[in-house]
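Notes follow the structure.
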Amino acid sequence: MLEGHLKRVTLADVFDESAGGFSFILGWQFITLFSPAIHFSTYNDISHFNSVLGFISVGMLLVLLAAALVPRHFMRKSVAKVLRHFAPCVVALCTGALVVVDVVGPDYGQPWCSIASTLAGAGLGVFYLSWGELFSHFNIIQVAAKIASSFSIAAVLFAIAVTLPRPATVTIAVALPLLSGYLASRKLRPGDADAKEPSEPLQLKLFIMNAVLSLGALALTGSFVRALLLNATPIIGEGSYPWLLLVATLGSIVVVIVPLLSEESLDFVSAFKAAVFCLGLIFLLLPVIEFGSIAADILGLATYVVTMILVWVVLARVTKLYQLPASVMFGIGWASYTAGMLAGTFGGALLSSFFEITPRVLSIVTLVSVCLLFVVYLFVFTEKAMGRLLGGTTSESRRPFRERCLGIAASYGLTERETEIMMLVAKGRSTPRIREELGLTIGTTNTHMNHLYKKLDVHDRQELIDLVEGDLPRKES
């Protein structure tokens, strides 16, 4: 099935303005948070934690929660337009301010470091909402392709930038949010950011509960372990280290994206299980890994990238599938993730600063982390809940009719009219009845039917019905 999905991905899906623009803001995030090129406080020890990472997270949380709680006010046309154009300038200026504070010295750093970091985080939150809005208009295969290429490009940009002289690295870091904002403003259409009424309010409530608990828990455990693996050392160093993020990124793409595309109907359950298994394996390796080694660095970075890719895919899927407001979905999802990451990083830094990391301590950390993953997987975001909410091969035939149709429409990139016709055909309506219900001419109806059959790769009504019911035989590649 992987080969079949890849055939539906064009070069434009992988390398276009959307993938490039998203990779630029990811690249800025990697440079700012994973290297001391911008500010000296890129450490995991508690004495430096309250600078860049902490306040960027706080700024993000404020914006994301505002977008989720008051979407109609936060994402109006005028406000969204101002934010889209204003946020890149704020992030770029704050990046320069952090460099100035770093050059002047820590004695003059506060409160300017905290202010600049918080404003940069608020701008980053706007970027996340903007790119989330853009991704919600693509089908999930396009989203998976763009996320894979964007993270890969961002990792390469990061590795190249941090090996250059510092003035060049700073110039790149300042330019990246400006470029990302320019491309986002070109792709976002007027009215894209307007809040929509959720088509599935019960599903929205279910997602809110699951997202707050499961995404936050995954981020908390991953960041806690990462803080230990990158124990009180600069996250970026000399030699080959700058390229380790690329290795971790490529491995994370394989962990999440390959299982997702392993089945004809897209297997979100397998993608989620693979991500949880990867995190659990890293946790179990804690007691036997030498801190500061290449393996520890790669695994620590992998905990970050795996969860990020998984969150982007899940949020884009839910937003597209249920036609929900992107500001609400990405606001809730990323706010819970950011809060969990903040708590986990702070907890790991606190433990490293006040306690000696002995084998016994590592064993306790491993036990707690793995147990938390089990709780998430077995009781919060279970395989059944994941399949019901996102669609998956294990539950496709048991999902309500409307959910199955919306899932197919999102996966195959159907238009609204094609989705309506598919649902009527699946209900057994004849072509004349469809024309009558939708008020279409014979030619228009036939054209839509031809497009529908071509997109779904079916040849008659029965194959379409089988596809909606989850009984369509797999085609040999």
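The values are calculated or read from the model by the stated rules, or taken from the named source; none is laboratory data. Being a predicted model, the structure only gives us computed values, none of them experimental. FYI the Cβ positions are ideal-geometry reconstructions off the backbone, even for glycines, and counts take in every protein chain you see. These accessible areas exclude ligands, DNA and RNA; they are computed on the full protein's heavy atoms, side chains included. Shrake-Rupley method; radii C 1.70, N 1.55, O 1.52, S 1.80 Å.
For Val368, Val174, give the ranking by accessible area with the largest first, probe 1.4 Å.
Working: Val368 90, Val174 40 Å².
Ranked list, largest accessible area first: Val368, Val174.
Working from label points 7 Å from Cα in the Cα-to-Cβ sense, the Arg402 to Leu93 distance is 4.6 nm. In this label model, Lys427 and Val104 are separated by 6.6 nm, measuring between points 7 Å along each Cα→Cβ vector.
Put Phe272, Phe379 in order of accessible area, largest first, 1.4 Å probe: what do you get?
Working: Phe272 5, Phe379 155 Å².
Output order, biggest surface exposure first: Phe379, Phe272.
When ligands, DNA and RNA are left out and all protein chains stay put, how many square angstrom of accessible area per residue does the range 279-389 have with a 1.4 Å probe? Working shown, then result.
On the way: 4060 Å² over 111 residues.
Accessible area per residue: 37 Å².
Here the accessible area is traced with a 1.4 Å probe on the protein chains. For the range 253-366, carbon and sulfur cover 72 percent of it. A straight chain from Val156 to Val258 at 0.36 nm per residue would run longer than the Cα-Cα distance by 34.6 nm. Start at zero, step by 5 Å, and the Cα-Cα distances of the range 309-382 spread as 3, 13, 14, 20, 17, 12, 9, 6, 4, 1 percent across the bins. Measure off, as a whole percent, the carbon and sulfur share of the 1.4 Å-probe accessible area of the range 407-447, all protein chains present. Of all accessible area on the range 407-447, carbon and sulfur atoms account for 47 percent. Modelled this way, with points 7 Å down the Cα-to-C-beta line, the labels at Asn450 and Leu164 are 5.1 nm from one another.
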